[in-house]
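S.K.: Before I ask anything, let me first share the structure, which is written out below as structure tokens.
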Amino acid sequence: MIMSTDVSEATVMLEAFRVTELRLLLSRMGKSKSGLKKELMARVRDLLRNDCSAELLSAVRELHTHRQVSKNTRRSSKSSPVQIISMPECVSPASVCSEPQMIKLPFYQTLDTLLPPTPLVRTCEGIMQNSDFLIHLNANQQAQIQKSRTSKSGSTSLQVVIRICYSESIGVEEDQYPPNIGVSVNHANCPIQCSYSSNKMGTEPSRPCLPIDITPELYITFTNRFSVVWGNFGKSYAVAVYLVRVVSCQELLDQLLRAAVEPLELCRRRVSEKLRSDPESEVSTTGLQVSLMCPLAKLRVCVPCRAAGCAHLQCFDASSYLQMNERKPRWSCPVCHRFAPCDELRIDSLLCEVLERCGEDVEEIEFLSDSSWRAVRHERDDRNKESLLHRYSQRVESVVVDLTQCSSDDEEFQKEESVSTHLEDKSVHFRKSGIVKTSGPKSRKKRVHNY
């Protein structure tokens, strides 16, 4: 059982953590690592308060111990030229690796590694650096790429891509381009889709940083040279080259339908737990309303899903969610905004059954205490709309003017005089600017006023 003192102790340990340790901790817990240090710190504190587990406390203690050992080692190295570093017993060798591990991308299935994560090394003085690398395709890789290029479909599903990430961390890394990045393969520049949040020197391109496709510039049978131009502003980066297969949204959706459908009994049990009355509460819940509209597409859900870690019953459409993250991969739940990666998505079989049985015009349902459900129809809103339309039609009919009746010039002149007299009675003054004579047999003087 987790004690409050353990949570308090872990909260104090967090104060000494750097960005590297915070990002590593979040990656171990399956959470998003993007953001500034204060955002990372707030995310970890929120985990300790609301979703604390023994695994989280163990990871905090492990990282804190490793940091203390590293700090003591640096202090002792100042007085002694010989430096001996011993790893603490609580830190497993698997957690401290010599090269960074890049995060898995759902839309890129890695088939082979052409160049493992290799550091971008500073080679000259100044800010702009140039790092050169050589890669060569083996016979199997050449055959796969050649087959993909000659495919009748016309779409290249196989690609050779460059990925860049931080090399200073010891956990799973997201893609991050260095400042002022440029990539060329065999002396041909490769297009890079990136944007900058500001023009300040040293600003990194904004995430997400997608893999860079270098397939069109590759030699199939010869050795390839590629160069990475980057700005050195104190951070360390690593570059890797992979042979990948591009996965479409429909393929990911088919994978979810095959392997990520929750059993019907599990979904019913989740609803029953939500409706279970709390003996300490005076208010009992007799029903829970769930919308059948996707919060992303604002349309009726077709394939209802949510992340495994989400506690809400509300679902979003799986196809819309995948399409959104294909354009801009954020993997954030549109309901609770927590990290919801593709491998944690689950399809709700109970809501699938509800969507099949209820009518197309139903936008909301209510789960009852006996695990059944009923459609919710907002009849009061429909009646209000009908009454408003009825009142509006009556008002329009009351102000209809017959434009077929014509009036003479004398009648219109009398109307103008009456309007002028009315304005004068109300003490509304205008500046007189001139007199205009009207054309026709009856010449009359008409005042022209400037407003």
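S.K.: Rounded to the nearest Å, what's the spacing between the alpha carbon centres of the range 1-39 and the range 103-117? Just the number, please.
M.R.: Value for the Cα centre distance between the two parts: 28 Å.
S.K.: Can you classify the range 195-274 as rounded, prolate or oblate using the Cα gyration tensor, where a ≥ b ≥ c are the square roots of its eigenvalues, rounded means a/c under 1.5, and otherwise it's prolate if a/b beats b/c and oblate if not?
M.R.: Verdict is oblate for the range 195-274.
S.K.: Just report the Cα centroid separation between the range 50-70 and the range 223-257, whole Å.
M.R.: The range 50-70 and the range 223-257 have Cα centres separated by 31 Å.
S.K.: Tell me whether the range 168-240 comes out rounded, prolate or oblate; compute the Cα gyration tensor, take square roots of the eigenvalues as a ≥ b ≥ c, and use a/c under 1.5 as the rounded threshold.
M.R.: Since a/c reaches 1.5 and a/b is larger than b/c, the shape of the range 168-240 is classed as prolate.
S.K.: Also, quick follow-up: Which value, in debye to the nearest 20, describes the size of the charge dipole of the range 216-314 about its Cα centre when Lys and Arg Cβ atoms bear +1, Asp and Glu Cβ atoms bear -1, and nothing else is charged?
M.R.: Roughly 240 debye for the range 216-314.
S.K.: When a/c is below 1.5 the answer is rounded, else prolate if a/b is larger than b/c, else oblate, so apply that to the range 116-270 with a ≥ b ≥ c taken from the square roots of the Cα gyration tensor eigenvalues.
M.R.: oblate
Coordinate-derived values only; no laboratory data. As the structure is a computational prediction, the values presented were derived from the model and not from experiment. We place every Cβ from the backbone using ideal geometry, glycine too, and count neighbours over all the protein chains shown.
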